[in-house]
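The values are calculated or read from the model by the stated rules, or taken from the named source; none is laboratory data. As the structure is a computational prediction, the values presented were derived from the model and not from experiment. Cβ placement follows ideal geometry from the backbone for every residue including glycine, while neighbour counts extend to all protein chains displayed.
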């Protein structure tokens, strides 16, 4: 396993674990929102703080995909995931900038669904790549 391909396989496996952790992190974010809205507003702090952890993980995954020479579909989707994550953070507070931007804030949950879909697609494609079961789809 000391070969270059073995090293790349190791990197791909770490990426696979990381992207599934990202997906689980998004689900945890959904849980914290539910807790904040329906149980106790103090959960908003957890929601905001944990988003930083997910953001760092997403950026690390992008670097791994680029420098690990992953298939184009995976690194492009990982790039898109990072853009969607940036939009997610930006859309949350648009109404604080101006009441005229309140409609943009309504995009926050829609973008969250797009982010979850993208991350899940990356995870499934990476699973196929690591196991060698099927072609990677974009």
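The helices (runs of 4 or more DSSP H) falling completely within region 50-138 that include 2 or more residues that are touching a residue at least 60 places away in the same chain (Cβ under 8 Å) and over 18 Å from residue 14 (Cβ atoms) map to 72-91, 107-131. Can you confirm whether residue 25 is part of a helix (DSSP H, G or I) and surrounded by 17 or more Cβ atoms within 10 Å (Cβ to Cβ)? Taking the combined requirement at face value, the residue satisfies it.
Could you figure out which of (1) surrounded by fewer than 16 Cβ atoms within 10 Å (Cβ to Cβ); (2) more than 14 Å from the chain's Cα centre (by Cα); (3) modelled with pLDDT of 90 or more isn't true of residue 76? Only one criterion is unmet by residue 76, namely (2).
Remark: residue 17 falls outside the filter, which requires a residue to be more than 19 Å from residue 131 (Cα to Cα), surrounded by fewer than 17 Cβ atoms within 10 Å (Cβ to Cβ) and either touching a residue at least 12 places away in the same chain (Cβ under 8 Å) or out of contact with any helix residue (DSSP H, G or I) (no Cβ under 6 Å at 6 or more places or on another chain) (or both).
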